[in-house]
Amino acid sequence: MRLPENTSVTPASAHTLAHNGLGYALQQQGKLEEAIAEFKQSIALDPNFVFAQNNLQEAERLLVLRRNPPPLVVDDRQWLPSRRQEPLVDVLRSVVLIIIPPTGGANLGPSYGTGWVVKREGKTVWIVTNRHVVSDKGTDPPSEKIKVEFYSGEPPSGQVRPRYTARIVQITNPDDPLDLAVLEVTGIPDDIKPLPMSSGRFGRTTPVRVIGHPSNGGDWTQVSGEISNIINDPNKPPLIQIDANLAQGNSGGPVIDRENFTVVAMMVQIADGNQPPKDAADTNRTQSPTTGGFGLAYRMDIVIEKLRSWGILK
């Protein structure tokens, strides 16, 4: 397969897309080493191209699995850091990485999002996230092949974190201004617990921490910030403005009170500090990820009310 000749489009952009597309096609054929080389070329042309970053990570993971098939049951608790090494280990354990396969015929590769555990019964947990994380822009049906990963330390060489199949059990309609979905996952380790939530009102300057998987690099990142504003729109749920260095991929993540370690809000939109917020559906599936100085989040009383109406919470 040949790359396109330079045309009226920006050469780097055309070649970035072409290397990524070729890499994805090679990955689907099982040619992982060749795919990895193409993804690296795509990233070299455009270090901010999210799809190539995600695809590289996926291809390298598949290569590890091919070379070292994992046992049927992998206990990732053996890789967890101590609480002395990572004081937030229990919180991080309940914040999941959501992996969504391409939808709507797209071949750019998977996208990532964030969710967190709100309920557990036996070996089953329920995870809340944004609708737009699992259903691209409301134009495609929700994905049926969602996977999640739970936090652990870095696996030893030749091993990868286990992944679990998730299914959507509740999701708001595309025309509903409340952008929420709930996933169900079974067979998870015993130490993963729901995060405590607070439905109280929090004022400006409240110090918070946002945990998520931003598209500008890094998983389970912890970004400190503060509540800076309350935005009321009669046609939409009230939003809390969070001043912090955020990026797409943080959507769906918990906003945690730094003093009491309770979830006080849930991220839904990321905004460039010099521009108005992007629509919530503009996730890291877009070619140019949004990275900005603030984001918008739902108050937890609104999220809790919806979870109760769905029967997830009592």
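The values are calculated or read from the model by the stated rules, or taken from the named source; none is laboratory data. Bear in mind that the values here come from a model prediction, so they are computed numbers and not experimental data. Please note: Cβ atoms are built from the backbone with ideal geometry, for glycine as well, and neighbour counts cover all protein chains shown.
Does G252 meet the test of being at pLDDT below 95 and more than 30 Å from H15 (Cα to Cα)? So G252 fits the description; yes. Only a single item in (1) in the same structural domain as D90 (by TED's automatic domain parsing); (2) in contact (Cβ under 8 Å) with a residue 24 or more places away in the chain is not met by S199, and it is number (1).
For (1) over 17 Å from R61 (Cβ atoms); (2) part of a helix (DSSP H, G or I); (3) modelled with pLDDT under 90, each residue gets a yes or a no:
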site: M1; (1), (2), (3): yes, no, yes
site: P4; (1), (2), (3): yes, no, yes
site: S8; (1), (2), (3): yes, no, yes
site: H19; (1), (2), (3): yes, yes, no
site: L22; (1), (2), (3): yes, yes, no
site: L26; (1), (2), (3): no, yes, no
site: E38; (1), (2), (3): no, yes, no
site: S42; (1), (2), (3): yes, yes, no
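When S152 is tested against the conditions (1) surrounded by 17 or more Cβ atoms within 10 Å (Cβ to Cβ); (2) modelled with pLDDT under 95; (3) out of contact with any helix residue (DSSP H, G or I) (no Cβ under 9 Å at 6 or more places or on another chain), the lone failure is (3). Give the residue that is surrounded by the fewest Cβ atoms within 10 Å (Cβ to Cβ), with candidates limited to residues of segment 84-102 that are touching a Phe, Trp or Tyr at 6+ places or on another chain (Cβ under 7 Å) and not in a strand (DSSP E or B). Looking at the filtered set, the residue picked out is L92.
Kindly establish whether P177 is outside any strand (DSSP E or B), out of contact with any strand residue (DSSP E or B) (no Cβ under 7 Å at 6 or more places or on another chain) and in the same structural domain as L88 (by TED's automatic domain parsing). When the stated conditions are applied, P177 does not pass them. State yes or no: is L63 farther than 30 Å from P196 by Cβ, at pLDDT 90 or above and not aromatic (F, W, Y)? When the stated conditions are applied, L63 passes them.
Considered as a group, the residues in segment 104-132 that are assigned to a loop (DSSP other than H, G, I, E, B) and more than 16 Å from the chain's Cα centre (by Cα) include one that is surrounded by the fewest Cβ atoms within 10 Å (Cβ to Cβ), and that residue is G105. Annotation: I188 fulfils all but one of (1) outside any strand (DSSP E or B); (2) without any contact (Cβ under 8 Å) to a residue 60 or more places away in the chain; (3) of a type in the set (A, V, I, L, M, F, W, C); the unmet one is (2).
A count restricted to segment 214-231 and to residues that are within 20 Å of R201 (Cβ to Cβ) and either at pLDDT below 85 or hydrophobic (A, V, I, L, M, F, W, C) (or both) stands at 3. Annotation note: of G218, G252, the sole residue that is free of Cβ contacts under 8 Å to residues at least 60 places away in the same chain, part of a loop (DSSP other than H, G, I, E, B), outside the structural domain of R131 (by TED's automatic domain parsing) and not charged (D, E, K, R) is G218. All of (1) under 30 Å from P47 (Cα atoms); (2) in a strand (DSSP E or B) hold for I168 with one exception: (1).
Checking each residue in segment 176-210 for being touching a Gly at 6+ places or on another chain (Cβ under 9 Å) and hydroxyl-bearing (S, T, Y) picks out only T186. Restricting attention to segment 45-99, the residues that are more than 21 Å from W220 (Cβ to Cβ) and among the charged types (D, E, K, R) add up to 3.
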